[in-house]
Amino acid sequence: MTRRIALITGGMGGLGETISTKMHDAGFRVVVTHSPGNKNAAAWSQDMKAKGYDFHPVPCDVANFDSCKACVERVVAEVGPVDILVNNAGITRDMTFKKMTKADWDAVIDTNLDSVFNMTKQVMDGMTDRGWGRVINVSSVNGQKGAFGQTNYSAAKAGMHGFTKALALEVARKGVTVNTISPGYIGTKMVTAIPKEILDTKILPQIPVGRLGMPAEVAGLIIYLCSEEAAFVTGANISINGGQHMF
């Protein structure tokens with residue numbers, strides 16, 4: 001059977017790297033995007049190749065529609081048509097609303113929400129024409145419950161699921177599923193760099209299972225949603241937060 005081609009935005013850093021490696025291990029052909037200004041992209045790719053990961057890196061400004069169009073055209077030409085899109089790229093510009101500027105708002109909305117349209121638009125026609133496709137949008141628990149100092153981020157992450165539900169209705173009969181996942185606190189480098197005292201007293205007490213999530217657990221959920229067995233799951237927002245927020 002031909003290996004499915006998975007395109008993962010922001011696939012070189014933090015959670016994205018684990019998603020990329022685990023999907024490669026699961027047998028997918030993995031394409032990762034990185035920002036055009038990422039000077040570490042070549043070194044990262046070489047390091048991954050030394051570890052046995054044959055990724056196909058492509059520069060892309062996910063906040064720019066034309067950059068996304070050029071990215072996918074290059075992927076189709078060099079690797080093949082995209083079967084799976086994981087919209088993982090994102091940034092934060094955390095501060096209270098009182099201090100937030102229009103530029104802070106725009107940067108987060110452009111990168112975290114507009115990017116979902118920009119990338120999905122490039123691959124959806126091909127997926128529906130072929131009668132198979134998977135789109136997984138990586139949101140956040142803070143898009144479900146809100147977070148102090150994250151009006152921009154929470155709005156963008158909540159918007160991702162509105163997009164998911166509407167598009168899922170449009171393409172359900174075409175063999176394409178569209179789903180959202182909403183991770184809580186995951187043990188990425190960024191989170192584990194938080195001082196232990198803060199983790200132990202402020203963060204872990206909020207999580208009923210009493211620990212951070214593992215990036216591999218999030219990747220495992222994505223791999224399931226990409227499978228044939230998940231063909232009946234669409235329009236869903238699946239929480240993976242250790243019980244921190246239930247609804």
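General remarks:
- Qualifying residues in the range 48-93 (those that are among the acidic types (Asp, Glu) and modelled with pLDDT of 95 or more) - the one nearest to HIS34 (Cα to Cα): ASP61
- Single residue of the range 172-209 satisfying the filter (touching a strand residue (DSSP E or B) at 6+ places or on another chain (Cβ under 7 Å) and hydroxyl-bearing (Ser, Thr, Tyr)) that is farthest from ASN87 (Cα to Cα): TYR185
- Residue count for the range 87-129 under the criterion of being closer than 22 Å to VAL218 by Cβ and not hydroxyl-bearing (Ser, Thr, Tyr): the result is 12.
- Among the residues of the range 125-149, those identified as touching a helix residue (DSSP H, G or I) at 6+ places or on another chain (Cβ under 7 Å), buried (at least 17 other Cβ atoms within 10 Å of the Cβ) and of a type in the set (A, V, I, L, M) are VAL135, ILE136.
- The residues in the range 77-99 that are within 24 Å of THR164 (Cβ to Cβ) and without any contact (Cβ under 8 Å) to a residue 24 or more places away in the chain can be counted, and the count is 1.
- Qualifying residues in the range 196-247 (those that are touching an Asp or Glu at 6+ places or on another chain (Cβ under 9 Å) and over 22 Å from ARG3 (Cβ atoms)) - the one surrounded by the fewest Cβ atoms within 10 Å (Cβ to Cβ): ILE240
- Filtered residue count, the range 115-150, keeping only those that are part of a helix (DSSP H, G or I) and free of Cβ contacts under 8 Å to residues at least 60 places away in the same chain: 15
- Flag if THR177 is surrounded by fewer than 23 Cβ atoms within 10 Å (Cβ to Cβ), hydroxyl-bearing (Ser, Thr, Tyr) and either free of Cβ contacts under 8 Å to residues at least 24 places away in the same chain or within 22 Å of GLU217 (Cβ to Cβ) (or both): no
- Residue count for the range 31-74, restricted to those that are basic (Lys, Arg) and under 16 Å from MET12 (Cα atoms): 3
- Per the conditions (1) among the hydrophobic types (A, V, I, L, M, F, W, C); (2) within 20 Å of THR120 (Cα to Cα); (3) out of contact with any strand residue (DSSP E or B) (no Cβ under 7 Å at 6 or more places or on another chain), the sole criterion not satisfied by PHE148 is (2).
- Of the helices (runs of 4 or more DSSP H) contained entirely in the range 151-247, those carrying at least 3 residues that are modelled with pLDDT of 95 or more and out of contact with any helix residue (DSSP H, G or I) (no Cβ under 6 Å at 6 or more places or on another chain) fall at 151-171, 215-225.
- The range 216-232, residues that are more than 28 Å from ILE203 (Cα to Cα), touching a residue at least 12 places away in the same chain (Cβ under 8 Å) and out of contact with any strand residue (DSSP E or B) (no Cβ under 6 Å at 6 or more places or on another chain): ALA230, ALA231
- Just one residue in the set GLU197, GLU217 is of a type outside the set (Lys, Arg), more than 21 Å from SER115 (Cβ to Cβ) and within 15 Å of the chain's Cα centre (by Cα); that residue is GLU217.
The values are calculated or read from the model by the stated rules, or taken from the named source; none is laboratory data. Values in this document were obtained by computation on a predicted structure and should not be read as measured data. When we count neighbours, we look across all protein chains shown, and the Cβ atoms used for this are built from the backbone with ideal geometry, even at glycine.
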